[in-house]
Amino acid sequence: MPRVSVIGVVFLCLVLFAAVASGKTKAPGTQNPYEKAITTARSEAWKAINSGKCASATAAIMVDGKVVYAEGFGMADRQKSIPVNKATIFNIGSISKMYVAAAIMLLVDDGKVSLDRPVTDYLPEFRMADNRYKAITVRMTLNHTSGLPGTEGANSFGSIYCDNVKQETIDTLARSHLKHAPGALAVYCNDGFTLAEMIVERVSGHRYMDFLNERMFKPLGLKDTGMGVGAIKGKPVASYYDPKTGKTQDLEVLSILGAGGLSSTAEELCRFVDALLSENRLLKKASLAEMKKAQPPASAPKLRHPEMSCGLGWDITSAPAYDAAGVRVFGKSGGTGHYSSMVFTVPDKRISVAFVGAGPESGAMTIALNILNAVLVEKKLIPEKVEAPFVPPAAEKLPQDHVSLGGYYANQSKLGQVVFDTDKDTATVYFFKGQEKVPAFKLVYNNGYYHDPEGNRFYFTGRDGETYLVAHLSHFKADVIQLQKVKALKNTQNLRINTDGKLWLRRNVAPFESPMGTETHCVRSSLYKDLPGYVFFMGIKKIGSPEFAGMPFDAIRDQTELTFFDRAGAAWARVSDLLYSPAEDAAILKTGENSVKIGSDGYNQWLTATEDVIVNFTKPEKGRVIIFSPDDNAADDNATYDSAFDRGDAYVAKNSYIQFAGYADNVFTVRAKPARGDEKK
């Protein structure tokens, strides 16, 4: 996310230009009834841009069926000095789930789909290694209760649309197990929405985007909603700029259209959610009622406050903090590698707000919520809240039984440890980077909760022998599970090979895959002496046999499974849909000219450097070269050069790895020379 420094006259000119471009300037002497909400939108947007959290942004407010405010901020294209305006298009990520949910409900209205029939009735090719999959219904794909592992990740984020992702999802699921029984828990899951997208195509007989255009976009007048920004021609789109380098990357396309692949404007997001939950606009009465219902799971961990109430596509179908004032809020967030977004709607009051930023950490949810609150205050639906100064709570004596809650915890990608200090009445949460344990944050116990320095509250709870660390979302007065405890195993197994400290190189990267995915290309697996029976390989996994390690948790999203198999005399690894070979099998980069050819299987090739060198490449038009630092624990993403946006010669440090991604029979030429000549010459 680029760090923008806009000062003095430049800042003033940009603000004034954006106000004019928005088309919402007012005649002198008139008072906009939503002036405070607009001021909130502007100040929050510029704060996010100036802090480097996003490169540009857009916001909109809709009341009583009319857009009362829409505006863009920052530059859509820095090289051409094109500013963002209210018609500039951004990727909206998981807000796309609302569109596939609506598409399914249109087919329900047509009598062609039943929410409570099995997915296999519509997709007979859908299979899993876990026989419980037969109980997954269409409803469960839309309310996150299916139990599916999570997300098809290989090549689904990139610079071009790849329709193969649907078949790849079917193939990956055929090897996969469920993390919980269908319907039991609600755990966020993208792959369910890809199945829903496939159901729309199969039942309607039309391609997904054609169905959306005919049944949704045209009837609602949504002219600027469609596929990802990288697939759009002839319309203004917002580019993403890397915050560390300021470099732009190829415009982003997500091939998982139902789960997160659409783009739109803030104004059209408001128009869509307003129509979706309004009578006689899009859905029939019964389907509209379903779209407004919370969709709770059959069982869930016992929480102190209501869990975030998922619906059919919605993240939020109500929030206790607003329910108490008679205001029912619906909301959906979205995040991609390059964009973040949030839309809220209050259908009974016909109020909707949206915010989208070109940056994955723009703070879109908080910003949109602040705009919504400002509108609700101005409409006198909620009282204005005056934030009291935050006073860090004093530590109270830890309950004696809490020390037993200590141990190893994890989410989908990180392994951590919770350590209690009875002398200081605190708990410290650590995360591991390899074997190194790094403190993440310290929690102080007070009045039944653990508090972090920012004022967030946490607590521990359990269910059926499982232990969870839960965060309380004070904005919504609701709870969400953050980490799950890694259980000690009585009977442990070992993998067929020693995976401790072993480096793995990914082999199935398409050249168009997003640069954000490079953190999956060169990874290290680990074993931990205090966790016998587990392996860390792209997340913690429970070893089930010498060839397999599966998902250890029931309430954590986007888990993966590990399988070993033999190929060309070596043990390769498959982590769900990601394919790896041992790093020691990489060929040596020679001084002089090297030729690298992609085989008929299309798998990536790798070279490793035995000395510091300078290299230049000749590559196929659609080929890609990425260089990875030898210090793979230095950062989450250790790529030092990527031909997707880097040009010219490159420095390759000793023990670095070079990845070549292309298509079958592509040939790359690499010329290498020592990085340091004879100092005496």
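Please treat every number below as a calculation from the coordinates, not as lab data. Worth saying up front: this structure is predicted, and the values here are computed from it rather than measured. Counting neighbours? That spans all protein chains shown, and the Cβs are built from the backbone with ideal geometry, glycine included.
Residues with beta-carbon under 10 Å from that of THR467, excluding THR467: net charge, scoring Lys, Arg +1 and Asp, Glu -1?
On the way: positive: ARG463, LYS485, LYS487; negative: GLU466.
Net of charged neighbours comes to +2.
With a Förster radius of 41 Å, plug the Cβ-Cβ distance of ASP116 and ASN50 into 1/(1 + (r/R0)^6) and report the FRET value to the nearest 0.05. Mind dumping the intermediate values first?
Numbers: r = 49 Å, r/R0 = 1.21.
It comes to 0.25.
Amide H to amide H under 5 Å from THR426: which residues, 5+ apart in sequence or cross-chain, H placed 1.01 Å off N in plane?
Those lying under 5 Å, H to H, from THR426 are ASP421.
With a/c under 1.5 counting as rounded, go ahead and sort segment 400-485 into rounded, prolate or oblate using the C-alpha gyration tensor (a ≥ b ≥ c being the square roots of the eigenvalues; past the cut-off, prolate if a/b is larger than b/c, else oblate).
On the way: a/c = 1.31, a/b = 1.18, b/c = 1.11.
Rounded shape, in that the Cα axes give a/c under 1.5.
For the ranges 400-409, 127-136, what's the packing order if you count other beta-carbon atoms within 10 Å of each residue, average per peptide, and put the highest first? All intermediate terms of the calculation are to be shown ahead of the outcome.
Working: 400-409: 15.0, 127-136: 16.7.
Going by the mean number of other Cβ atoms within 10 Å, highest first, we get 127-136, 400-409.
Can you give the charge dipole size of segment 400-485 about its Cα centre, rounded to the nearest 20 debye, using +1 on the beta carbon of Lys and Arg and -1 on the beta carbon of Asp and Glu?
Numbers: 9 positive and 10 negative charges, 47 e Å.
Here the size comes out at about 220 debye.
Which of rounded, prolate or oblate describes the chain when judged by the alpha-carbon gyration tensor and an a/c cut-off of 1.5? Before the final figure, lay out the partial values.
Details: a/c = 1.39, a/b = 1.22, b/c = 1.14.
Since a/c stays below 1.5, the shape of the chain is classed as rounded.
Quick check: net charge around TYR449, other residues with Cβ under 12 Å of its Cβ, Lys/Arg +1 and Asp/Glu -1? Before the final figure, lay out each step's value.
Numbers: positive: ARG304, ARG457; negative: GLU396, ASP452, ASP479.
Computed value for this residue: -1.
Measure off 7 Å from each Cα along the Cα-to-Cβ vector at LYS424 and ALA129, then give the distance between these two points in nanometres to one decimal.
So the label points at LYS424 and ALA129 sit 4.3 nm apart.
Given a cut-off of under 8 Å on Cα pairs at least six residues apart, what relative contact order in percent is computed for the chain? If you can, show how the numbers build up before the last one.
On the way: 1588 pairs, mean separation 84.7, N = 681.
It comes to 12 percent, rounded to a whole number.
Where in segment 253-267 does the label zone of LYS223 land, with the point 7 angstrom along Cα→C-beta and an amide N cut-off under 20 Å?
The answer is 263-267.
Along the Cα-to-C-beta direction of GLU396, a point sits 7 Å from the Cα; which residues of segment 433-464 have their amide N less than 11 Å from that point?
445-450
Please work out the C-alpha center-to-center distance from segment 251-286 to segment 520-567 and express it in whole Å.
So the separation of the two Cα centres works out to 37 Å.
Past 27 Å, Cα to Cα: identify those pairs from LYS112/LYS218; LYS302/LYS485; LYS223/LYS385; LYS66/LYS332, in the order given. Walk me through the numbers before you get to the answer.
Working: LYS112/LYS218 21 Å; LYS302/LYS485 15 Å; LYS223/LYS385 38 Å; LYS66/LYS332 20 Å.
Cα-Cα > 27 Å for LYS223/LYS385; rest within.
Pop the C-beta distance of VAL667 and ASP612 into the FRET formula with R0 = 30 Å and round what comes out to the nearest 0.05.
Working: r = 26 Å, r/R0 = 0.86.
With R0 = 30 Å, the Cβ-Cβ based efficiency is 0.70.
In debye to the nearest 20, how big a dipole does segment 315-416 give about its Cα centre with +1 on each Lys and Arg Cβ and -1 on each Asp and Glu Cβ?
Numbers: 9 positive and 9 negative charges, 57 e Å.
The dipole of segment 315-416 has a size of about 280 debye.
Can you give me the Cα centroid spacing of segment 212-232 and segment 388-421 in angstrom?
Here the answer is 46 Å between Cα centres.
Within segment 216-254, name every residue whose backbone N is under 19 Å away from a label modeled 7 Å from Cα of GLN79 along the Cβ vector.
Only 229-253 pass the distance filter.
Report, in debye and to the nearest 20, how large the dipole of segment 586-674 comes out about its Cα centre when Lys and Arg carry +1 and Asp and Glu carry -1 on their Cβ. Intermediate values should be presented prior to the final figure.
Details: 9 positive and 13 negative charges, 79 e Å.
It comes to approximately 380 debye.
At 0.36 nm per residue, and after removing the present C-alpha to C-alpha distance, how many nm does the segment from ASP585 to LYS490 gain when stretched out fully?
Numbers: separation 95, 0.36 × 95 = 34.20 nm, distance 3.56 nm.
The span from ASP585 to LYS490 would gain 30.6 nm if fully extended.
Is the C-alpha gyration tensor of segment 537-681 telling us rounded, prolate or oblate? Criteria: a/c under 1.5 is rounded; beyond that, a/b larger than b/c is prolate, otherwise oblate. It would help to have the intermediate numbers written out before the result.
Numbers: a/c = 2.20, a/b = 1.83, b/c = 1.20.
Prolate shape, in that a/c is at least 1.5 and a/b is the bigger ratio.
Considering only DSSP beta bridges whose two residues both sit in the chain, what percent are antiparallel, to the nearest 5?
Values: 131 of 135 bridges.
Bridges in the chain are about 95 percent antiparallel.
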